[in-house]
Amino acid sequence: MGTAIVLILLVLIGGIVLIAVALAFYFVKTQRELVSMDEFCKNALGQIAVQLNSRWDAVTAAVKMVAKYAKHESETMIQTINARRVSNVQGAAQINEQQSALGEVMGRLMAVSEAYPPLKADGLFMKAMDDMRGYEENVRMSRMVYNDTATKMNRLVRQWPSSMVASMLHFAEKEYLKVDEEKKTAYPDIDAAFK
């Protein structure tokens, strides 16, 4: 009878140890996934910041060309650019602010270029505008990567049982980058066109 109790206790202790090892393995695996997703999000934000800075550089170059035609407008735009440029992006909200600020400056730049036809025909101005389109595409792709990574991170943070690990380690949901409202309305309403 004594050996049967010892055997039962050994099986019970073995089961408890096995469960503890499985839980520890799951905890470490989930922690590594959370850290990996967090780093991917930081990297994507960094990539967006680099592309935004490149866009600001291209806008600055275009504005300097505007100076030949409209000195007052170019000085105002350069002051705006210097005030709005951010060197270290901390989160999605800052990216959204940068996107909005770039949109404002680009709108002003396009208005000035419309007012001065020789500027629109200037080869360097056209190259700067092409560069801005390329940077815009890079930003768009980087935004997609960030939002995809944020989705994966948010799933880990919200789904059970990984949410317990995320909570213990103070991982929070990532904010998504928002769609630029002006760009959503920039395209024609296809349904209205066919009515």
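The values are calculated or read from the model by the stated rules, or taken from the named source; none is laboratory data. From a predicted model like this one, the values you see are computed outputs, not experimental measurements. All Cβ positions, glycine included, derive from the backbone under ideal geometry; neighbour counts span all protein chains shown. Remember, those area values only see protein heavy atoms, side chains included, never the ligands or the DNA or RNA. Shrake-Rupley method; radii C 1.70, N 1.55, O 1.52, S 1.80 Å.
Observations
- Residue order by solvent-accessible surface for Met132, Met141 is Met141, Met132, largest first, with ligands and nucleic acids left out and a 1.4 Å probe.
- Each Lys or Arg adds one and each Asp or Glu takes one away; over the other residues whose Cβ falls under 14 Å from the Cβ of Thr30, this sums to +3.
- When the surface is traced with a 1.4 Å probe over the full set of protein chains, Lys174 keeps roughly 50 Å² accessible.
- Linear extension gain, Val50 paired with Ser167, 0.36 nm per residue minus alpha-carbon span: 39.0 nm
- Projected over every direction and averaged, the convex hull enclosing the alpha-carbon atoms of segment 1-43 yields 2.2 nm².
- Sites Arg158 and Leu10 - FRET efficiency at Förster radius 41 Å, r taken between beta-carbons, to 0.05: 0.55
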